[in-house]
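First up is the structure itself, then whatever we jot down about it.
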Amino acid sequence: MKAGRLGLVIALACAWVGTAGGEGLLVIPNSALRAVWAFDPFDGALVDDAFIVDTENLRTPHTPIDSGRGTILISDQTANAVFEYAYDGTYLGRIVDQPNHGIQNLRGIALHDGQLYVTVAAGPHSGTVQRFELDGTGQSTFASGIIASPYYVLFREHDVLVPDSNDHNLERFTLAGAPLPPFHNAATSALRFPQQVYARGNGNLYVAGFSAVRGIYEFDATGTQLNFYDVGNLGVRGVWELGNGRILYCAAGTTAGASGGTVGVLDPTTGVYEVVVASASWTFRHVAWIPVPTPPAACPGDANGDTVVDFADISPFIAALKAGSDANWTCDLDAGYGPYLNSDANGDGVVSFADISPFIALLKNPPAACVSQCP
């Protein structure tokens with residue numbers, strides 16, 4: 001996590017331990033900045049605009065997913081690779097790439113039964129979904145034949161959906177990769193260039209429609225269109241249902257016909273949408289939820305980080321007063337807890353002389369013991 005300021009730490013803490021349906025984070029690549037941004041999964045508020053920043057490896061980050069092993073996987077459309085990152089944003093390496101696996105123009109990826117599925121739209125495996133073990137071995141073609149330009153892959157209980165941006169169908173396969181009749185045929189609705197597909201708890205699907213008629217489409221579990229939601233005639237790339245029942249979307253452009261990118265929130269009951277962030281300089285892709293671990297509770301006054309407030313904290317507290325908000329805060333700010341952060345006894349975001357009286361009060365009446373150790 002590359003936070004760098006106390007206000008962001010507070011926002012992250014709220015997202016980490018939010019209300020039901022709001023734990024973890026929603027992450028969206030901003031490919032223009034070679035970064036991944038984080039949003040609150042309950043209401044869609046921006047949490048971190050530098051959750052991952054990697055200008056060395058990322059080129060066009062496209063689809064993030066949780067790996068199931070405590071890391072994040074990100075497909076990159078032009079780097080032709082799937083990268084792995086720790087939850088704190090540390091780059092861990094490549095899982096698959098063009099030189100070793102012959103895959104190009106990667107879009108959506110998915111994890112199913114511990115295996116990685118990658119949509120490929122160029123190169124020797126163009127028009128397929130490739131399957132791998134998470135160490136990059138065991139490559140095989142999972143789905144092919146009826147998809148020219150696969151854009152996403154969604155596993156359901158009894159089938160797999162793959163939107164095709166070429167014929168605009170939502171193609172369907174068995175769990176073994178055998179082709180089935182399409183979930184949605186382009187001749188039956190205005191959906192064009194389908195991108196991300198989100199499965200709701202009730203079995204319905206939200207589908208991002210990138211080309212005209214642009215917007216968010218809702219289908220029932222059998223493929224019958226139920227609703228269409230306009231978000232300013234923007235080409236929608238990503239969709240995700242929030243904990244409050246609204247829809248987080250990311251789209252191309254800031255207004256119809258303009259360049260850039262937008263992340264917004266739509267209320268499906270009223271059709272009203274609100275912009276969360278937008279800029280002519282940004283490009284947002286697909287959305288994913290990741291279960292960021294809950295940080296240990298802060299312990300104001302525990303300046304030495306031993307989980308209790310006592311006289312052993314006096315010298316470290318004095319050291320924190322002398323240091324102020326310098327580089328020694330880095331670990332604490334990134335983690336959301338730790339000795340230096342705990343020295344901010346009055347909670348104003350700065351360790352200063354104003355913390356002395358609150359610190360003395362904490363010594364006299366210490367809080368219950370709590371974890372407060374920054375590694």
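A few comments on the model shown:
- Computed from label points 7 Å out along Cα-Cβ, the spacing between residue 57 and residue 350 is 3.8 nm.
- Phi angles of segment 174-189 translate, via the Karplus equation with coefficients 6.51, -1.76, 1.60 and θ = phi - 60°, into HN-Hα couplings of 6, 5, 9, x, 7, x, 10, x, x, 5, 9, 9, 4, 6, 9, 7 Hz per residue; Gly and Pro are given as x.
- Top positive-direction residue, dipole computed over the chain with Cβ charges, set 312, 120, 51: 120
- Distances between placed amide hydrogens fall under 5 Å for residue 37 paired with 28, 30, all partners being 5 or more residues away or on another chain.
- Size of charge dipole - segment 133-264 - debye, nearest 20, with Cβ of Lys, Arg +1 and Asp, Glu -1, no other charges: 360 debye
- In sequence order, calculated HN-Hα J values of segment 108-121 (Karplus, 6.51, -1.76, 1.60; Hz; x Gly/Pro): x, 9, 8, 10, 8, 6, x, 10, 9, 10, 10, 7, 10, 10
- Under 5 Å from the amide H of residue 122 lie the amide H atoms of 104, 127, each residue being 5 or more positions distant or on a separate chain, with H modelled from the backbone and absent for Pro and chain starts.
- Overall, the anisotropy analysis places segment 99-169 in the oblate class: the square-rooted eigenvalues a ≥ b ≥ c of its C-alpha gyration tensor yield a/c not less than 1.5, with a/b not exceeding b/c.
- Projected onto planes of every orientation and averaged, the convex hull of the alpha-carbon atoms in segment 56-108 covers 3.5 nm².
- Separation of segment 101-131 and segment 301-315, taken as the distance between their Cα centroids, equals 52 angstrom.
- Charged neighbours of residue 186, selected by a Cβ distance under 12 Å, balance to -2 (K, R count +1; D, E count -1).
- Charge tally in the Cβ shell below 12 Å around residue 237, where Lys, Arg are +1 and Asp, Glu are -1, residue 237 excluded: +3
- 15 Å beta-carbon shell around residue 134, net charge (K/R +1, D/E -1): -3
- Annotation: amide H-H contacts under 5 Å for residue 143 (H modelled 1.01 Å from N, sequence separation of 5 or more, or interchain): 129.
- Among 113, 348, 66, sorting on how many other beta-carbon atoms sit within 10 Å of each Cβ, with the fewest leading, yields 113, 348, 66.
- Sum of -39500 (n - 2.57) over DSSP H runs of 4+, divided by residues of the chain (222 nm, nearest 500): -3000 deg cm²/dmol
- The per residue volume of the convex hull around the alpha-carbon atoms of segment 198-307 is 148 Å³.
- Per-residue ³J(HN,Hα) for segment 205-212, Karplus 6.51 cos²θ - 1.76 cosθ + 1.60, θ = phi - 60°, Hz, x for Gly and Pro: 10, 9, 10, 7, x, 8, 9, 4
- Quotient of the Cα radius of gyration of the chain and 2.2 N^0.38 Å, N being its number of residues: 1.11.
- Signed unit charges on C-beta, dipole axis of the chain, positive-most listed residue 80, 39, 191: 191
- Where only C-alpha atoms are counted, convex hull volume of segment 98-216 per residue in Å³: 100 Å³
A short reminder: the numbers here are calculations on the coordinates, not readings from a lab. Here the structure is a predicted model, which means the values were calculated and not measured. We place every Cβ from the backbone using ideal geometry, glycine too, and count neighbours over all the protein chains shown.
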